[in-house]
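Engineer: Okay, handing you the structure first.
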Amino acid sequence: MAEIKVPELAESITEGTIAQWLKQPGDYVEKGEYIVELETDKVNVEVISEEAGTIQELKADEGDTVEVGQVIAIVGAGGEAPTPSEQQEEKAEPKQEEKAEEKTAQEAPAAKEDKKNRPIASPAARKLAREKGIDLSQVPTDPLGRVRKQDIEAFENRPASTPAKPAQEAKKAPAKKDDGKPVVREKMSRRRQTIAKRLVEVQQTAAMLTTFNEIDMSAVMELRKRKKDKFFEDHDVRLGFMSFFTKAVVAALKKYPYVNAEIDGDEIVLKKYYDVGVAVSTEDGLVVPVVRDCERKNFAEIEGEIMELATKARNNKLALSDLQGGSFTITNGGVFGSLLSTPILNGPQVGILGMHTIQLRPVAIDKEKMENRPMMYIALSYDHRIIDGKEAVGFLSTIKNLLENPEDLLLEG
């Protein structure tokens, strides 16, 4: 017998939630095979079996909160994986039975086959299917027989003429309040609870203030248009706006070091490194993976790392190390069409830059002339306890000047 325990997750994480059992009692597991997916405050973690055998017992249900070191399953070491010859014998066996016993002999293997035929699906797909109340066995698979996250989304958005499953209808059925009005109650995910808690803590502990500016994006857009094809050809990654903003942020942080700091008790910790967090929206909420040592990276390296981290975030593949640390954060509400916002600090950091949508607006070129220019509002939320308004305004002005004169930004890089 072997006990499956919740492993050490991270220094600051002591518990998690059973998101999805990948194996059930009676299933055979190989040593090192994943058997359960845990949802923590920051990332999802898949737990392996340290011993080959048969799952004897699951000691926690999906949705249960479990602590580090807690036993969540028992694996019997005596189990063996079925061999091809044994499977052939099972198939041949019913032919030797009498007709009266044939039906019974076929029902038992059918029950086993039901477990063996559980759909192959990624953890992200299983989690999404569970949240949507979708039976994985009814979802069309890809050519390799796998159910992917996009397959779940396509199945959910199928034509309305396709009948909905009872399980899905039951999940979405509205509950009734005492006053008779329909409501739907959804349990907050562990990650969403953590996000909510941290945002409230920041609001209560920091003297948060936001200042704004706007950028004429004409020069950056023209430069990007000229260079993007050659950039992609040379680096196999697309040239976006995030690398420009990241490099501009690094230059501004060097000029205004208190924006790259944090408060520790009665001390100010000035960080002499530039690890920039990039907020990524996922179905489970906002996560902020960190691009490290941005002052040492070129545009291609920054674009490539941002793309890699965003893909990992949306596929629930981020490691805890991807999220830890960070000295400053950039969030881009513009991808959703946001014209203006006041981003909330990502504590214990004392500054966060908000990017917004690019919109054509009339701009005065001189006293006599106006032109429609692609303009972007930017916002800096900052902790007024250590950052004064003069520094905040100067920080944004530096970013504005660099992006409106991208040649200077290239020289800074």
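Engineer: Ordered by residue, what ³J(HN,Hα) values in Hz, to whole numbers, does segment 355-370 give under the Karplus form 6.51 cos²θ - 1.76 cosθ + 1.60, where θ = phi - 60° and Gly and Pro are x?
Structural biologist: My calculation for segment 355-370 gives 9, 9, 5, 8, 9, 5, 9, x, 10, 6, 7, 8, 5, 10, 10, 10 Hz in order.
Engineer: Could you sort 51-61, 276-286 so that the peptide with the highest average Cβ count within 10 Å comes first and the rest follow in order?
Structural biologist: Those peptides, ordered most packed to least, come out 276-286, 51-61.
Engineer: If you don't mind, there's one more thing I want to ask. I'd like the projected area of segment 217-360, averaged over all directions, using the convex hull of its alpha carbons. Report it in nm² with one decimal. If you can, show how the numbers build up before the last one.
Structural biologist: Values: hull surface 38.8 nm².
The orientation-averaged projected area of the Cα hull of segment 217-360 comes to 9.7 nm².
Engineer: I've got another one for you. Over segment 233-353, what is the relative contact order in percent, taking alpha-carbon pairs closer than 8 angstrom and at least six residues apart?
Structural biologist: Values: 170 pairs, mean separation 34.4, N = 121.
Relative contact order comes out at 28 percent.
Engineer: For segment 303-320, just list the computed ³J(HN,Hα) in residue order, Karplus coefficients 6.51, -1.76 and 1.60, θ = phi - 60°, integers in Hz, with x standing in for Gly and Pro.
Structural biologist: Calculated HN-Hα couplings, in order: 4, x, 5, 4, 4, 5, 5, 5, 5, 4, 5, 6, 9, 6, 10, 5, 8, 4 Hz.
Engineer: Kindly flag which residue pairs out of 247/400; 197/272; 225/400; 225/369; 227/297; 5/31 have an alpha-carbon separation exceeding 23 Å in this structure.
Structural biologist: Over 23 Å apart, Cα to Cα: 197/272; 225/369.
Engineer: Amide H to amide H, which residues 5 or more places from residue 60 or on other chains are under 5 Å from it, using H placed in the peptide plane?
Structural biologist: For residue 60, no residues qualify.
Engineer: Provide the solvent-accessible area of residue 198, counting protein heavy atoms only and rolling a 1.4 Å probe, rounded to the nearest 10 Å².
Structural biologist: So the heavy atoms of residue 198 present about 100 Å² to solvent.
Engineer: Quick one: check the C-alpha center-to-center distance for segment 286-311 versus segment 1-78, whole angstrom.
Structural biologist: Cα centres, segment 286-311 to segment 1-78: 32 Å.
Engineer: Under 20 °C and 1.002 mPa s, how fast does segment 193-233 diffuse according to Stokes-Einstein, given a Kirkwood radius computed over C-alpha pairs? Answer in µm²/s, whole number.
Structural biologist: The diffusion coefficient I find is 150 µm²/s.
Engineer: Hey, can you grab everything whose amide H is under 5 Å from the amide H of residue 27? Only 5+ residues off in sequence or another chain; H modelled, so Pro and N-termini drop out.
Structural biologist: 55
Engineer: Something else now. Taking amide H positions as placed 1.01 Å from N in the peptide plane, with prolines and chain starts having none, which residues 5 or more places from residue 384, or on another chain, fall under 5 Å of its amide H?
Structural biologist: Correct list: 207, 208, 209.
Engineer: Related question: Express the relative contact order of segment 170-280 as a whole percentage, based on alpha carbon pairs under 8 Å and six or more residues apart in sequence.
Structural biologist: Averaging sequence separation for qualifying contacts and normalising by length gives 9 percent for segment 170-280.
Engineer: Residue by residue, what Karplus-based ³J(HN,Hα) values in Hz, rounded to whole numbers, does segment 248-264 have, using 6.51, -1.76 and 1.60 with θ = phi - 60° and x for Gly and Pro?
Structural biologist: 5, 4, 4, 4, 5, 5, 5, 6, 10, x, 6, 6, 10, 10, 8, 9, 10
Engineer: Restricting attention to segment 235-339, which chymotrypsin sites (Phe, Trp or Tyr not before Pro) occupy a DSSP loop and are surrounded by at most 15 other Cβ atoms within 10 Å?
Structural biologist: Loop-located and lightly packed - 273.
The values are calculated or read from the model by the stated rules, or taken from the named source; none is laboratory data. Model, not experiment: these values are computed from the prediction. In this analysis, Cβ positions are derived from the backbone assuming ideal geometry, glycine residues included, and neighbour counts consider all displayed protein chains. In case anyone asks, the SASA skips ligands and DNA or RNA and just uses the protein heavy atoms, side chains included. Shrake-Rupley method; radii C 1.70, N 1.55, O 1.52, S 1.80 Å.
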